Amino acid sequence: AQTVTQSQPEMSVQEAETVTLSCTYDTSESDYYLFWYKQPPSRQMILVIRQEAYKQQNATENRFSVNFQKAAKSFSLKISDSQLGDAAMYFCAYHTGTASKLTFGTGTRLQVTL
Amino acid sequence: GAVVSQHPSRVICKSGTSVKIECRSLDFQATTMFWYRQFPKQSLMLMATSNEGSKATYEQGVEKDKFLINHASLTLSTLTVTSAHPEDSSFYICSATGLAYNEQFFGPGTRLTVL
C-alpha cells in the first residue's frame, strides 16, 4: 500500500530560527510528485513546495526548501527564518501523475514562538 | 493561479435532510475533481474521485448512496449528503486539477453540522 509517514505530530520553533519537518513515503512507482501543504487555522490548503521525483535537484521556494532522498524515500521540509505566520498544520503528500489521487501524511503541527 | 471555490462555506441542517455542496473551478477546466473529508486535528481522507462526464470512483468504505457526487461540467462538481445524520458532521474539502497541471488546487472547504 502507498503510505506517507510524518513522525512528528508537533514541532516548535522560535521566530527567525530554522526547523525541519520530516516525511517518508512508500511507493513502488518510479515516477511521482511530492508536495508539502500548509493548512492554517482557516483550513485552506496552501501548496508550499513541490518536487518531481525525476529531478535530482532539491526544490526551493524562498524560505522553504526540501531535502529529497529518493533512494531513502525521504522528503523533509526545511523552513528558514521562521515567521509567526508559518504556524500551521503541514501535510506531506504525493501522487503518481495528473488526475491521480493524493496520499497524505498525518500532518505535523508547527508552533512558532517569540 | 488556478482558483477553486466551494459553496456554502458553512451549513447547518437537521438530521434526515439532504445537503448539496458545490465545488467550482473558476479559471481552468477541471477534468478531475476530488472530494475529501477532514475530522478535527486529522489528515484529509479522500472520499471519491470524479472525472467530468463519468461516474465517480469512491474509496473503500465510503457509501455511494449517502455521498452522491456529480461532475457534469468542466467547472462544477457537487457533493450531496443524503439523509444526513450527526455523524456526517465534518469539514468537506474539494480539489480540482486539469490536463495542464500536475497538482491539485483546493477549495476553501465546507463545514457541515448536522443537528
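Annotations for the structure displayed:
- Taken residue by residue and averaged, Cβ atoms of other chains lying within 10 Å of the Cβ of B:45-53 number 1.
- Computed about its Cα centre, the charge dipole of the protein assembly as shown is approximately 360 debye, with only Lys, Arg, Asp and Glu carrying charge at their Cβ.
- Rounded to the nearest 20 debye, the dipole size of region B:1-83 about its Cα centre is 320 debye, using +1 on the Cβ of Lys and Arg and -1 on the Cβ of Asp and Glu.
- Order of B:Phe91, B:Phe39, A:Phe75 - criterion: other Cβ atoms within 10 Å of each residue's Cβ, fewest first: B:Phe39, B:Phe91, A:Phe75
- Projected label points at B:Lys55 and A:Leu114, each 7 Å from Cα along the beta carbon direction, are separated by 5.8 nanometres.
- Once backbone amide H atoms are built at 1.01 Å from N, A:Met11 has A:Arg109, A:Leu110, A:Gln111 as its partners under 5 Å, excluding neighbours fewer than 5 places away on the same chain.
- Debye, to nearest 20: dipole size of region A:17-108, +1 on Lys, Arg Cβ, -1 on Asp, Glu Cβ: 100 debye
- Taking amide H atoms as placed 1.01 Å from N in the peptide plane, the amide H of A:Ser76 lies under 5 Å from those of A:Cys23, A:Asn67, A:Gln69, each 5 or more residues away in sequence or on another chain.
- Any cysteine of the protein assembly as shown lacking a neighbouring Cys Cβ under 4.7 Å - listed by number: B:Cys13
- Each label was represented as a point 7 Å from its Cα along the Cα-to-Cβ direction; for A:Asn67 and B:Leu115 these points are 5.2 nm apart.
- Mean per-residue shielding of peptide A:99-106 is 6, counting Cβ atoms of other chains within 10 Å of each Cβ.
- Averaged over the residues of peptide A:21-28, the number of Cβ atoms from other protein chains lying within 10 Å of each residue's Cβ is 0.
- For region B:54-65, backbone phi angles converted through the Karplus equation (6.51, -1.76, 1.60; θ = phi - 60°) give residue-by-residue couplings of 10, 6, 6, 9, 9, 6, 4, x, 8, 6, 5, 6 Hz, Gly and Pro being listed as x.
- With a simple spin-label model that places each label point 7 Å from the Cα along the Cα-to-Cβ direction, the separation between B:Ala100 and B:Asp27 comes to 1.1 nm.
- The residues neighbouring B:Thr49, those whose beta-carbon lies less than 10 Å from its own, together hold a net charge of 0 under the Lys/Arg +1, Asp/Glu -1 convention.
- When peptides A:32-44, A:78-90, B:57-69 are ranked by their average number of other Cβ atoms within 10 Å per residue, the highest-first order is A:32-44, A:78-90, B:57-69.
- The local environment of B:Arg111, defined by Cβ-Cβ distances under 13 Å, has a net charge of +2 under the rule Lys, Arg +1 and Asp, Glu -1.
- Each Lys or Arg adds one and each Asp or Glu takes one away; over the other residues whose Cβ falls under 13 Å from the Cβ of A:Gly85, this sums to -1.
- Charge-dipole axis of region A:30-114 as Lys and Arg at +1 and Asp and Glu at -1 on Cβ define it, positive-most pick from A:Tyr90, A:Phe104, A:Leu114: A:Phe104
- Principal axis box of chain B, alpha-carbon based, largest edge first, Å: 41, 25, 22
- Ordered by the number of other Cβ atoms lying within 10 Å of each residue's own Cβ, fewest first, A:His95, B:His71, B:His85 fall into the sequence B:His85, A:His95, B:His71.
- For region A:45-114, the convex hull drawn through the C-alpha positions has a volume of 106 cubic angstrom per residue.
Rule-based calculations on the coordinates, nothing more; no lab input. Here the structure is a predicted model, which is why all the values come from computation and not from measurement. Counting neighbours? That spans all protein chains shown, and the Cβs are built from the backbone with ideal geometry, glycine included.
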